[in-house]
Amino acid sequence: MKKYCLTYMAAIAALSASAAAPQAERKTDSLHIASLSPREAATIDSIVAMRLRLQPKQIESIFDTNDVVAIDTLDSGNDAIQVVLYSNNTWKYVRNREIAKDSTIFEKYWDTTTLFPYKEVDMSSMPKSVVIDLVDSVTSYHCPYQGSVHPRGKYGPRRRRQHQGVDLPLKVGDAVYATFCGRVRISEYNKGGYGNLVIIRHDNGLETYYGHLSERMVEPNQWVEAGQIIGLGGSTGRSTGPHLHFETRYYGQSFDPERLIDFKNGLLCRETFLLKKSFFSIYSRASETLEEEDDYDESLLAVHSPDGELTSEDILENIESTTQAAIKQEQAKTDPLYHTIRRGDYLGKIARQYGTTVKRLCQLNNISEDAIIREGRKLRVR
């Protein structure tokens with residue numbers, strides 16, 4: 001399966017190498033794929049389609065339906081999808097709640113009393129990257145609260161603690177919206193610092209956190225639509241002033257919400273998101289792109305034809321050669337990797353930095369979770 005996926009990546013790179021040539025030098029017949037088999041052609045078509053889906057794209061919030069009335073629901077011909085008509089002469093597709101809420105994504109690790117029910121999930125077995133569909137013709141988006149992220153409220157290390165989300169200044173009583181449709185997993189007052197907190201799990205596996213609310217307007221297990229008001233802004237919990245603390249998590253692992261949302265303009269940045277495992281590092285910010293966070297290593301995979309043309313034979317040859325190179329690179333990544341403990345390090349911090357778990361670190365180093373780790377010692381992380 002890994003080799004098959006790497007083959008796909010190589011095909012993408014081979015195509016992109018041709019697409020990157022200057023327009024003046026590009027010939028209309030520069031890509032000859034007539035001799036490809038139907039399966040090979042379909043593979044390349046699907047790869048190109050995926051590449052287009054991953055491109056940045058500005059998506060505005062769906063229209064607000066909180067002050068309008070749904071006057072009718074029409075059958076779309078698909079049991080899972082309905083067409084809802086509103087009193088302001090607008091309409092939209094919505095998922096059938098009864099079918100959507102029975103999805104397995106809302107069953108596994110579903111807990112309405114525990115903030116982090118993913119303790120048994122071994123993140124070391126997670127693929128290096130996961131493709132997540134954010135919006136489509138049915139799934140909509142709404143900015144949770146439009147405004148600039150506070151300069152001291154960005155994702156990352158802050159005052160010897162890890163700030164797992166972003167802080168958006170607001171006024172007490174301002175509406176806070178569900179970012180995507182989903183099911184409310186948590187709606188409670190959290191004594192750990194969040195104050196009034198709402199957590200929504202979405203059908204793509206993501207969870208969004210809304211903290212410091214003055215009022216919660218949803219209940220656990222309630223289905224919500226994108227753009228539905230789920231609470232009002234406030235300053236409850238560990239807070240120095242009214243603001244929304246917003247987090248995005250995947251299987252309990254946080255990553256920078258600014259990778260998804262342009263909060264200042266209220267825009268979603270893309271339809272489909274390539275979630276990299278390296279994004280789970282608290283030091284991985286959207287504004288500071290790390291070398292290993294590139295969608296794919298073009299310098300490794302791209303192969304240019306000397307005359308600027310790419311024949312079907314070139315494509316198949318490039319796929320084979322670049323696949324072998326990529327396989328060797330992946331095999332190198334399975335070699336043991338060690339981290340030298342520095343002042344301020346602890347198991348949880350190190351685990352997040354390398355995209356693994358405390359449990360896995362303990363297994364690799366034959367230590368207990370409460371073991372004292374000393375500065376200068378080498379700790380195996382892979």
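The values are calculated or read from the model by the stated rules, or taken from the named source; none is laboratory data. Quick caveat: nothing in here was measured; it's all calculated off a predicted structure. Backbone-built Cβ (ideal geometry, glycine too); neighbour counts: all protein chains shown.
Numbers for the structure displayed
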item: Whichever residue in the range 345-382 is in a loop (DSSP other than H, G, I, E, B), of a type in the set (S, T, N, Q) and under 24 Å from the mean Cα position of the chain (by Cα) and, among such residues, is surrounded by the fewest Cβ atoms within 10 Å (Cβ to Cβ); result: Thr356
item: Candidates Ile186, Ile282 - the one that is over 19 Å from His142 (Cβ atoms), of a type in the set (A, V, I, L, M) and either surrounded by fewer than 18 Cβ atoms within 10 Å (Cβ to Cβ) or at pLDDT below 95 (or both); result: Ile282
item: Top-ranked residue in the range 131-156 [being over 30 Å from Val83 (Cα atoms) and in contact with a helix residue (DSSP H, G or I) (Cβ under 9 Å, 6 or more places away or on another chain); ranked as surrounded by the fewest Cβ atoms within 10 Å (Cβ to Cβ)]; result: Lys154
item: Whichever residue in the range 239-258 is touching a His at 6+ places or on another chain (Cβ under 8 Å) and under 15 Å from Leu197 (Cβ atoms) and, among such residues, is surrounded by the most Cβ atoms within 10 Å (Cβ to Cβ); result: Leu244
item: Unmet requirement for Tyr145, which otherwise passes all of (1) closer than 22 Å to Tyr251 by Cα; (2) under 19 Å from the mean Cα position of the chain (by Cα); result: (1)
item: Residue list for the range 89-107, filter: surrounded by 10 or more Cβ atoms within 10 Å (Cβ to Cβ), at pLDDT 75 or above and outside any helix (DSSP H, G or I); result: Thr90
item: Selection within the range 249-261 - in a loop (DSSP other than H, G, I, E, B) and of a type in the set (A, V, I, L, M); result: Leu260
item: Per-region count, the range 217-248, residues in contact (Cβ under 8 Å) with a residue 60 or more places away in the chain and either among the charged types (D, E, K, R) or within 25 Å of Glu120 (Cα to Cα) (or both); result: 6
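To keep it simple, each residue is scored yes or no on (1) in contact with a Leu (Cβ under 9 Å, 6 or more places away or on another chain); (2) in contact (Cβ under 8 Å) with a residue 24 or more places away in the chain; (3) within 23 Å of Ile230 (Cβ to Cβ); (4) not β-branched (Val, Ile, Thr).
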| site | (1), (2), (3), (4) |
| --- | --- |
| Asp133 | no, yes, yes, yes |
| Asp136 | no, yes, yes, yes |
| Cys143 | yes, yes, yes, yes |
| Gly153 | yes, yes, yes, yes |
| Arg159 | no, no, no, yes |
